[in-house]
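Following: one structure in structure tokens, then a few remarks.
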Amino acid sequence: MKDILRLADEIFQATGISVPEEWLSSNLTVAQLRVLLFLRTEGPSRMGSIAAGIGTTLPTVTGTVDILVKKKLVERRDDPEDRRLVICELTPDGTHLMRLVWELGQQQMAALLAGLDHEELEKVHDVARLLLRNVTGASGASPSSP
């Protein structure tokens, strides 16, 4: 396992993958980005779920969401099951921003795969399926072609 982690580090160093200029000049904090990523992956969520999901306190996530609401990236609405609770969700602008983050990751992955031949891509595909199966606990269904 140490060898794999070392190779992953070497890949990262060799590719020169960097944070895009627009992210460096962004006024988003890491905490704000974590909330946006959580809402992107989990969908509309209660404050307590967000706090638990990103490993922070309810007051901290409330303050972070307040800022994201002001930036028009997140909106709040009443929970239909309990009006005392609030559901947070991405706005269209927040969704667009998270789509850009996803696309950047896809571009970086495509750059890593560029130049591999068909046989090599099949090997990477098999490894990706193994990793997915490991994190999802899915059965060993036969992999589809890359």
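All of the numbers you see were taken from the coordinates with simple rules; none came from a lab. Just so we're clear, the structure is a prediction, and the values are computed from it rather than from any experiment. Cβ placement follows ideal geometry from the backbone for every residue including glycine, while neighbour counts extend to all protein chains displayed.
Summing charges over all other residues whose Cβ lies under 14 Å from the Cβ of Leu116, with Lys and Arg as +1 and Asp and Glu as -1, gives -4.
Between the listed residues Leu58, Val74, Leu36, the Cα displaced farthest toward the positive end of the dipole of the chain, a dipole computed from Cβ unit charges relative to the Cα centre, is found at Leu58.
Which semi-axes, in whole Å and largest first, does the equivalent ellipsoid of the stretch 12-98 have when worked out from the alpha carbon gyration tensor as the square roots of 5 times its eigenvalues?
Working: eigenvalues 140, 37, 27 Å².
Working through the eigenvalues yields semi-axes of 26, 14, 12 Å.
Proximity of backbone amide H atoms, modeled 1.01 Å from N, is registered between Val74 and Val69, Thr91 at under 5 Å, excluding neighbours fewer than 5 places apart on the same chain.
Can you pull a Stokes-Einstein diffusion coefficient for the chain at 37 °C (0.692 mPa s), Rh from Kirkwood over Cα pairs, as a whole number of µm²/s? Don't jump to the answer; show the numbers that get you there.
Values: Rh = 18.1 Å.
The calculation lands on 181 µm²/s.
Placing +1 on the Cβ of every Lys and Arg and -1 on the Cβ of every Asp and Glu, with nothing else charged, gives the chain a dipole about its Cα centre of roughly 600 debye. If R0 is 22 Å, the Cβ-Cβ spacing of Arg76 and Ser49 corresponds to a FRET efficiency of close to 0.95.
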